[in-house]
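K.L.:
Let me begin by handing over the structure; questions about it come next.
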Amino acid sequence: MNRVSRRWLLRAGLLLLAGFAAFVARPLFRLGTVAWHDRDTRTPPADGGWDDASRMNETPLAEIVAVSDEVTARAALARARERGLGVAIAGARQSMGGQALLRDGMALDTAALSEMSHDDDQGILRVGAGARWAEVLAFLDRRGRSPALMQPYNDFSVGGSLAANCHGPMAGRPPIAASVVGLSVMLADGKVVRCDRQTEGELFSLVLGGYGLLGLILEADLRTVPNRLLDPTSELLSPADLAEALADEAGDDGVELRLARISVAPDSFLTEGLLTSYRAVDGTPPPLGAETWPSLRRWVFRAGTGDDYGRYLRWQLEGRVAPLLSLGGISRNQVLNVSATVVEDRHGPTTDILHGYFVPADQLALFLQRTELIVRDVGVALLDLELHAVAADDDSYLRYADRSLLALTMRFRQRRLPGEEYRMREATRGLIDAARDLGGRYQLPYRLHASRRQFNMAYPQGRRFFKRKRHYDPDGLFRNTFLHAYSADWSDRQTRREGGRRG
Ligand SMILES: Cc1cc2nc3c(=O)[nH]c(=O)nc-3n(C[C@H](O)[C@H](O)[C@H](O)COP(=O)(O)OP(=O)(O)OC[C@H]3O[C@@H](n4cnc5c(N)ncnc54)[C@H](O)[C@@H]3O)c2cc1C
């Protein structure tokens with residue numbers, strides 16, 4: 001090679017290197033800056049009080065009681081009756097509207113209700129209601145099993161998930177209630193009732209999705225399925241195509257799980273979606289391990305909570321780069337073993353607020369157009385939008401999935417100030433109306449920003465639900481902020497008046 005061509009090659013090499021450095025320098029610098037500034041500046045609630053995942057609900061409590069079995073639970077309820085206290089039941093307190101809280105009431109901490117056993121012949125897990133899904137996954141993994149239905153996150157308690165009747169990424173399956181074989185519920189008088197679809201069927205359906213208002217779930221029998229080895233494939237799709245793919249019936253092409261999200265990046269805002277389908281393949285799943293790259297996942301996510309470039313970068317990394325790095329062959333349990341708190345806002349003055357909506361699949365594109373208008377008009381910061389397909393729920397009383405629907409979970413960033421709270425309420429009410437116009441509704445575990453009219457329209461069975469509560473809990477021992485917000489019969493004032501008359 002002569003000197004001229006060698007110099008030319010060197011120059012071309014240097015140019016390529018400089019180009020590559022420029023290409024990766026900006027993203028690396030951005031992720032490095034996010035990591036550098038990522039400090040936890042949250043302040044805990046005052047002594048004797050609790051908050052929930054919203055960090056907008058600091059609530060003073062009269063007493064916090066940890067229950068670990070039937071005996072301690074019964075004693076706690078007796079003590080609450082003696083002291084004239086209402087009782088709110090708490091799992092992992094990842095709800096956001098005080099569903100697990102009652103001002104000046106007794107809080108039941110259920111974390112120690114966490115015993116588990118598995119019937120290998122029947123494929124049924126018996127689990128204490130306070131167990132977190134991380135514990136359940138670890139327990140089932142050792143037996144080659146996996147929960148039939150759950151959310152795609154492992155931080156929640158089993159009891160909280162049942163009482164909210166959560167939905168998850170199990171392709172085209174109903175909410176979690178469908179996987180419940182039976183429940184043990186402690187009623188307000190301390191009596192324990194075993195209920196299932198045949199025995200005490202009404203109580204069974206009221207408790208599932210009943211937000212802790214009928215009684216304390218002590219333990220549940222849940223169906224399990226084999227923990228399969230899954231092969232992920234990702235594709236970028238328009239919202240209409242994404243909706244169609246999600247709504248596809250389960251199992252027809254071996255897909256077990258489907259995770260989907262819609263872009264919030266400036267150049268593809270709500271017009272592009274990412275669908276990851278996990279198909280079962282032959283092979284032995286590796287044992288459950290820790291979540292992969294939690295810090296990197298956090299920095300990429302939090303980079304997308306700032307400016308337009310951060311949002312663009314996150315979508316490129318999550319939508320285009322990450323699928324290329326996926327090496328295939330992941331266990332079902334591993335996909336589900338993800339902590340929702342990894343990406344949470346840990347900055348004192350701001351917080352992440354979640355919303356949940358349901359729309360028919362063929363209305364998704366229209367709902368996203370309405371969402372874009374509302375988000376821009378009201379001026380709220382949409383950080384994330386995840387989607388699941390849910391099939392009709394035949395089991396819970398306060399059901400949201402009266403037929404197959406798409407479930408949208410949105411995450412917004414909010415400053416913890418009254419003005420921002422007002423804006424968030426406006427946005428929520430607008431989105432609820434938009435979902436309703438398109439034949440959908442909203443989900444209940446988040447902020448209590450829906451008006452009572454909106455609640456009654458979305459859940460027409462709500463009035464009867466609150467009436468049936470009186471049958472199982474005549475004195476209203478089990479109470480929380482959600483009850484007071486949406487039931488005229490059980491409003492705070494009404495309950496106090498009745499308490500006064502009894503006293
Ligand atoms: C980041 C994030 C992601 C989410 N993703 C999803 C999702 O994909 N799908 C979905 O459906 N939901 C989702 N949710 C909502 C979540 O499923 C519910 O908030 C769930 O209730 C949280 O469980 P928990 O243990 O924290 O319950 P808590 O917040 O502690 O309690 C929720 C309700 O359950 C009642 N409860 C708790 N334990 C019992 C018991 N033993 N007996 C009777 N009642 C009880 C409480 O009184 C309360 O009313 C998400 C929430 C967050 C914060």
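Each reported figure results from applying straightforward, stated rules to the coordinates on display, with no laboratory input. Just so it is clear, the structure is predicted and the values come from calculations on it, not from any experiment. Note: ideal-geometry Cβ built from the backbone for every residue, glycine included; neighbour counts use all protein chains shown.
K.L.:
Run Glu70 past the list (1) within 13 Å of the ligand (Cβ to nearest atom); (2) within 30 Å of Phe412 (Cβ to Cβ); (3) surrounded by fewer than 23 Cβ atoms within 10 Å (Cβ to Cβ) and report the number of the one that doesn't hold.
P.N.:
(2)
K.L.:
Can you name the residue in segment 356-374 that is buried (at least 19 other Cβ atoms within 10 Å of the Cβ) and in contact with a Phe, Trp or Tyr (Cβ under 8 Å, 6 or more places away or on another chain) and, of all such residues, is farthest from Gly97 (Cα to Cα)?
P.N.:
Looking at residues that are buried (at least 19 other Cβ atoms within 10 Å of the Cβ) and in contact with a Phe, Trp or Tyr (Cβ under 8 Å, 6 or more places away or on another chain), I get Phe367.
K.L.:
From Glu82, Glu115, which residue is within 30 Å of Val342 (Cα to Cα) and among the acidic types (Asp, Glu)?
P.N.:
Glu115
K.L.:
Something else: From the list Ala100, Ala46, Ala53, which residue is part of a loop (DSSP other than H, G, I, E, B), under 25 Å from the mean Cα position of the chain (by Cα) and either more than 15 Å from the ligand (Cβ to nearest atom) or under 20 Å from Gly190 (Cα atoms) (or both)?
P.N.:
Answer to the check: Ala100.
K.L.:
Output the number of the condition that Ser117 fails; it satisfies all remaining conditions of (1) assigned to a loop (DSSP other than H, G, I, E, B); (2) at negative phi; (3) surrounded by fewer than 24 Cβ atoms within 10 Å (Cβ to Cβ); (4) out of contact with any Ser or Thr (no Cβ under 7 Å at 6 or more places or on another chain).
P.N.:
Only one criterion in (1) assigned to a loop (DSSP other than H, G, I, E, B); (2) at negative phi; (3) surrounded by fewer than 24 Cβ atoms within 10 Å (Cβ to Cβ); (4) out of contact with any Ser or Thr (no Cβ under 7 Å at 6 or more places or on another chain) is unmet by Ser117, namely (1).
K.L.:
With respect to Ala12, determine if the residue is within 16 Å of the ligand (Cβ to nearest atom), in a helix (DSSP H, G or I) and among the small types (Gly, Ala, Ser). If you could, list the steps in order and put the result at the bottom.
P.N.:
Values: within 16 Å of the ligand (Cβ to nearest atom): no; in a helix (DSSP H, G or I): yes; among the small types (Gly, Ala, Ser): yes.
It is false that Ala12 is within 16 Å of the ligand (Cβ to nearest atom), in a helix (DSSP H, G or I) and among the small types (Gly, Ala, Ser).
K.L.:
From (1) in contact with a strand residue (DSSP E or B) (Cβ under 9 Å, 6 or more places away or on another chain); (2) more than 17 Å from Val185 (Cα to Cα); (3) near the ligand (Cβ under 9 Å from one of its atoms), pick out the condition that doesn't hold for Gly91.
P.N.:
The number of the failed condition is (2).
K.L.:
Then there's this: Report, by residue number, each residue of segment 138-181 that is within 12 Å of the chain's Cα centre (by Cα), crowded, with 23+ Cβ neighbours inside 10 Å and of a type in the set (Ser, Thr, Tyr).
P.N.:
Answer for segment 138-181, where residues must be within 12 Å of the chain's Cα centre (by Cα), crowded, with 23+ Cβ neighbours inside 10 Å and of a type in the set (Ser, Thr, Tyr): Ser157, Ser161.
K.L.:
Which members of segment 417-450 meet the condition of being surrounded by 16 or more Cβ atoms within 10 Å (Cβ to Cβ), part of a loop (DSSP other than H, G, I, E, B) and either out of contact with any Ser or Thr (no Cβ under 6 Å at 6 or more places or on another chain) or among the charged types (D, E, K, R) (or both)?
P.N.:
Listed by number, the residues that qualify are Leu438, Gly440, Gln443, Leu444, Tyr446, Arg447, Leu448, Ala450.
K.L.:
List the pairs whose first member sits in segment 40-54 and is in contact (Cβ under 8 Å) with a residue 60 or more places away in the chain, whose second member is small (Gly, Ala, Ser) and more than 15 Å from the ligand (Cβ to nearest atom), and whose Cβ atoms are under 8 Å apart, counting only residues at least 6 apart or on separate chains?
P.N.:
Thr41/Gly348; Arg42/Gly348; Thr43/Gly348
K.L.:
What number of residues within segment 451-467 are within 16 Å of the ligand (Cβ to nearest atom) and surrounded by fewer than 19 Cβ atoms within 10 Å (Cβ to Cβ)?
P.N.:
Total meeting the criteria: 2.
K.L.:
As an exercise: evaluate Ala107 against (1) crowded, with 22+ Cβ neighbours inside 10 Å; (2) within 17 Å of the chain's Cα centre (by Cα) and give the number of the one condition it does not meet.
P.N.:
Going through (1) crowded, with 22+ Cβ neighbours inside 10 Å; (2) within 17 Å of the chain's Cα centre (by Cα) one by one, Ala107 breaks only (2).
K.L.:
Let me ask something else. With the structure loaded, tell me whether Gly379 is at positive phi and either touching a residue at least 12 places away in the same chain (Cβ under 8 Å) or not hydroxyl-bearing (Ser, Thr, Tyr) (or both) or whether it fails that test. Walk me through it before giving the result.
P.N.:
Numbers: at positive phi: yes; either touching a residue at least 12 places away in the same chain (Cβ under 8 Å) or not hydroxyl-bearing (Ser, Thr, Tyr) (or both): yes.
Here the answer is yes, as Gly379 does meet what is asked.
K.L.:
Report yes if some residue within segment 112-131 is more than 21 Å from Asp345 (Cβ to Cβ), acidic (Asp, Glu) and either touching a Pro at 6+ places or on another chain (Cβ under 8 Å) or near the ligand (Cβ under 9 Å from one of its atoms) (or both); otherwise report no. Before you say what the answer is, go through the steps one by one.
P.N.:
Residues of segment 112-131 more than 21 Å from Asp345 (Cβ to Cβ): 112-131.
Imposing the further condition that a residue be acidic (Asp, Glu) reduces the set to 115, 119-121.
Applying the additional criterion that residues be either touching a Pro at 6+ places or on another chain (Cβ under 8 Å) or near the ligand (Cβ under 9 Å from one of its atoms) (or both) yields none.
For segment 112-131, residues more than 21 Å from Asp345 (Cβ to Cβ), acidic (Asp, Glu) and either touching a Pro at 6+ places or on another chain (Cβ under 8 Å) or near the ligand (Cβ under 9 Å from one of its atoms) (or both): absent.
K.L.:
OK, next. So which of Asp352, Asp307 is more than 16 Å from the ligand (Cβ to nearest atom) and either closer than 27 Å to Ser238 by Cα or without any contact (Cβ under 8 Å) to a residue 60 or more places away in the chain (or both)?
P.N.:
Within the list Asp352, Asp307, the selection yields Asp307.
K.L.:
Please verify whether Leu15 is touching a residue at least 12 places away in the same chain (Cβ under 8 Å) and not β-branched (Val, Ile, Thr), treating the condition exactly as stated.
P.N.:
no
K.L.:
Of all residues in segment 147-176, which are touching an Asp or Glu at 6+ places or on another chain (Cβ under 9 Å) and away from the ligand (no atom under 12 Å from the Cβ)?
P.N.:
Residues satisfying the conditions are Ala171, Gly172.
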